[in-house]
Each structure stands twice: as C-alpha cells, then as structure tokens.
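I have placed the structure first, in the form of structure tokens, so that the comments after it can refer back to it.
The values are calculated or read from the model by the stated rules, or taken from the named source; none is laboratory data. Worth saying up front: this structure is predicted, and the values here are computed from it rather than measured. Quick reminder, even Gly has a Cβ in these numbers, built from the backbone with ideal geometry, and neighbours come from all protein chains shown. Please note that ligands, DNA and RNA were not included when accessible areas were found on the heavy atoms of the full protein model with its side chains. Shrake-Rupley method; radii C 1.70, N 1.55, O 1.52, S 1.80 Å.
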Amino acid sequence: MAVQLRRPILMGGVGLSFSLWVLQSWHHSIVLGEYGILGAIAVGGTLWLWQQRTPKKQSLDNLPVTRETVEKAIAQVVSVIEQLTVETESDPIQLRQELAELNNELERQELRVVVTGGKSVGKSTLIQVLSDCVLGQKLSFNETPALFTIVDSDRQAETAALAQANTADLVLFVTNGDLTETEFQTLQQLIATNRQRTLLVSNKQDQHLAEERTVVLYALQQRMQTLLKAEDIVAIAAFPNQRKVRQHAADGAIQEWLEQPQPVIEQLGDRLATIATQERQQLIWATTQRQALTIKVKAKTLLNNVRRDRAIPVIEQYQWIAAAAAFANPVPALDLLATAAINAQLVTELGAIYQQKFSLQQAQTVAGTMGSLMVKLGLVELSTKAVSTVLKSNAITFVAGGAVQGVSAAYLTRLAGLSLVEYFQLQEVAIDSKGLNLEKLSQTLQKVFQQQQVTFLQGFVKQGVERLLPKQSQSQLAES
C-alpha cells in the first residue's frame, strides 16, 4: 500500500474510475442511497487530489526560436569572451573552441535524442527497438545514467544525466507506466525551466490490465496538461512479457510454449517521425541557443571572478576610510551611509570595474538609495547592535569614543560594496541610477547581510579596532 501511495496518478485514476461507476449507478437510481454518498465522497476526493497536486496553468507555447535569435545569442557569447580576454590579458582557448562548435551546430541535420528516466524503466531496450523503427529519420539515440538514485555517490551521475539531456534536441522521459512526484518535478525542470522538448513515455503498459491502461494514460495526460500536449504522452511496451501459447493436436496432445510478443511502440515511432519532419530545424536551433547560454555563463563566471578579485581590495580600502572618518567625527548611526560621500566614490570605482559607469551625481544617488534601503530593512540598526555587542566583550575597546560608529561604518560600507558587486554581476548592459531595480537590490542586501556570520563579524571588529586604536592607545587605556 505504501508503494501505491507514491503513485498519485494510479491512485487518482482508481478514484476516478470508482467515481464514474458510482455516477452511473446514480443514473439508474432515484433515491440517493449509501452508494450515492460514497460516490460524492469519491468524486470530491478525486477532484481535491487533482487540485492539490496539479500546478497552476502554464503556457504550452514558448516563444519560437529562430536562426536570428540563435545568432544573437552567439554574438552575446562573443562579446563576453572578448571582454574576458581584454580584462585578463589572456586568451580563453577552451571557450573559443566551444564557441567555434556552435557555428557547426547551426548546420547540423541529425536530431539528437536522449532517453532518460529512473532505474529499470527500459531505457536500453527502448533505444534498441527505436533504432530499428525509425530508420532513415536521421535520429541518434543516447541513454543517460539512471535518475533518482538514493545513493549519494550516484548523485553526480544524476547531475551529469540532466546536463546530457540539456545538450539533446529531444528528450524521451521513460517511466514504468505511472508517474511519481519526483519524476514530475524533474519533468517540470526539463520543460518549464530548461525549455527542453520532451516526450513522456509510459513503458510496460502490458503489466496493467486492459481496462487500467486507458485510465492510467488519461490520468497522466491530466497531470501533465500544463506542461505537455496530450500527443506528447505515449504509452508503449518496449519488451512485453512473454505469454504462454497452448496448441491442441488432433490426437488430443497439448503443446505449450512461451512466445515473445512484438514491441508495442507504433504510436511513439509515428510521433518521432512527425517531430523529425516538422520540428527538426526548430529543435536544432533551440539546442544551439541553450549551448550558447551555457558557454556564456562559463565566460561570465570567469569574468566575474576576475572583477571580484579587483573589487574586494577597493571595498576594503573604502571601508576603513569610512571607519576612520566616523571614528574621528562620530555621527548618528542612521546617517552612516546616507550622508557619507565616501560611499559615492566607492560606487563610482565599483561601477568602473563592472562596466557600469556612473557620474558623481549618479553615484551619490546610488549611495543614498543603498543607505535608505539599509535603514528601511533595519540593517543599520542590526549591524550597530551587533558591533556594540562584540565591543562590549572588551571593556578597553568599548570605552574608546567612536569605536562603535567607526566599526559600524566600515561594516556597512563593506555590506554596501559586496551587495553592489553581487548586483552588478547580474547586469547585461550598463545602467544608471534610474535603472536600479530596487526590489532586486533589496533582496541582494538582505542576502549579503545574512552571509556575514557572527564569526566573521568578530574577526572584522578586531581588525577595525586594530586600525582605529593603535596599540599604544590600547595600552594606555588598559593602564587607566
């Protein structure tokens, strides 16, 4: 029973079948008896199950991929690689090789089909059968490692399987008739997130009774209606179970033997032939576009790493300048960032590193916006309290006049700088102060603030004290 409960489609199908049977009994009955009550419960329960487990309606029609959009994606890759070459003063040979292969992809004619799914769903057998079924269609088939393995050491293989699926033009996602929740989530990732052309193949249909097959297939189509068209959900039996054949001879003798039925994959073969004829070019372009995006992410990651290495020293420089200024002339905590011209200069230099050039006035606007966001989010107050708590553990440093303001100014300046780094890394084009997305900037601030653990803050306060209070002054405070 526990195994069946993990199969929501089958349970829903059984409930639906029972509901239909009871509704038929209503048709022949005038009085609503106990069967009517049970039917109402069954119908209500089945509808509730679908409402709970079916996602909100999504569009089945994605924007079409054209050669022009693919060429534009490739041009963006070229731009990032060229920028990486300039800023690192070295040639990323591997990325350029991958880029060169994209142009060949555009002219490819053979469709790459990946067969994936969990363990023992019949992937290898299906490939063998299909290879004979779709001759002349220019299709190549490859199998991924099994998905949904529970052994930790196999999770890398699962990740590799999904990556392999992302390089294919078409994915055949194979299940054992039914669909588990884990399988459904993976299908969502492939179709909705990765925009991967996918067919859901329900294998081993021969293991269901004849009257169950229609119910299971219909339930699958209902479950997947927001992600796949009905014709992209196909029931097959790639390797049906052997059946016993009995022959009666004229003399009364009986002979029995096991016979292997032919695979039942005609519907899948026809669907593949239709896709190969009607969608070949579109699928190849879509795959090339995904590959271009992958290369772009690699190049952008390398570029961001280089820029971050340049940005961190700049942030550290200005955080200590802000600390010294606040220590020498303490101001109310809420004004630490909003009134500091130092942070405007930090914005300018970070913008230059990330090709987001700001005028001084624009930089001041950005700095003021960051300060206002920090106040609204409560980060200024939280940071000041956290710094005060750490300083109170050391009476010598706490009695020093502007220690709290100085270290808090440094900490908040660092927080602002790291948040801008994270924000700039996501930008594709140059922006100005009017182009700031305050919602994303706010989310970035909170994320960076949460990353600053207590252990980091303790070390940071120590560094601040050492810079603000020379050892001679600390010794004098200790003696007094």
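Things to note:
- So Arg467, is it assigned to a helix (DSSP H, G or I), within 17 Å of Ala344 (Cα to Cα), at pLDDT 80 or above and open to solvent by 10 Å² or more (accessible area, probe 1.4 Å): no
- Qualifying residue in the stretch 208-218 (condition: open to solvent by less than 20 Å² (accessible area, probe 1.4 Å) and not aliphatic (A, V, I, L, M)): no
- Residue check, Leu420 closer than 30 Å to Ala299 by Cα, surrounded by 12 or more Cβ atoms within 10 Å (Cβ to Cβ) and modelled with pLDDT under 85: no
- Pairing residues of the stretch 177-188 that are more than 11 Å from Phe148 (Cα to Cα) with residues that are among the hydroxyl-bearing types (Ser, Thr, Tyr), at Cβ distances under 6 Å and at least 6 apart in sequence or on separate chains, gives Gly177/Ser202.
For every residue, the table says whether it meets (1) assigned to a helix (DSSP H, G or I); (2) free of Cβ contacts under 8 Å to residues at least 24 places away in the same chain; (3) farther than 24 Å from Phe239 by Cβ; (4) out of contact with any His (no Cβ under 9 Å at 6 or more places or on another chain).
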| residue | (1), (2), (3), (4) |
| --- | --- |
| Val78 | yes, yes, yes, yes |
| Glu82 | yes, yes, yes, yes |
| Ser90 | no, yes, yes, yes |
| Ala100 | yes, yes, yes, yes |
| Ser120 | no, no, no, yes |
| Thr125 | yes, no, no, yes |
| Val129 | yes, no, no, yes |
| Asp132 | yes, yes, no, yes |
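- The single condition among (1) modelled with pLDDT of 85 or more; (2) assigned to a loop (DSSP other than H, G, I, E, B); (3) over 30 Å from Gln289 (Cβ atoms) that Leu227 does not meet is (3).
- The stretch 433-451: number of residues that are hydrophobic (A, V, I, L, M, F, W, C) and open to solvent by 60 Å² or more (accessible area, probe 1.4 Å): 1
- Matching residues in the stretch 82-135 - criterion: being hydroxyl-bearing (Ser, Thr, Tyr), surrounded by fewer than 19 Cβ atoms within 10 Å (Cβ to Cβ) and within 26 Å of Leu190 (Cβ to Cβ): Ser120, Ser124, Thr125, Ser131
- Every condition in (1) surrounded by 16 or more Cβ atoms within 10 Å (Cβ to Cβ); (2) modelled with pLDDT of 90 or more holds for Ser140 except the one numbered (1).
- Residue that is farthest from the chain's Cα centre (by Cα), among those in the stretch 345-362 that are open to solvent by less than 10 Å² (accessible area, probe 1.4 Å) and at pLDDT 90 or above: Leu346
- Evaluation of Gln450 against (1) of a type in the set (S, T, N, Q); (2) under 24 Å from Ala341 (Cα atoms); (3) at pLDDT 75 or above (one fails), failing number: (2)
- So Leu190, is it in a helix (DSSP H, G or I) and either more than 17 Å from the chain's Cα centre (by Cα) or surrounded by fewer than 16 Cβ atoms within 10 Å (Cβ to Cβ) (or both): no
- Set Gln267, Gln260: member being at pLDDT below 90 and polar (S, T, N, Q): Gln260
- Qualifying residue in the stretch 420-434 (condition: farther than 16 Å from Gln355 by Cα and in contact (Cβ under 8 Å) with a residue 24 or more places away in the chain): no
- For the stretch 161-189, a residue qualifies if it is modelled with pLDDT under 90 and closer than 16 Å to Gln291 by Cβ, and the qualifying residues are Leu162, Ala163, Gln164, Ala165, Asn166, Thr167.
- Screening Ile284 against (1) open to solvent by 40 Å² or more (accessible area, probe 1.4 Å); (2) under 30 Å from Gln76 (Cβ atoms); (3) in contact with a strand residue (DSSP E or B) (Cβ under 9 Å, 6 or more places away or on another chain); (4) β-branched (Val, Ile, Thr) leaves a single unmet condition, (1).
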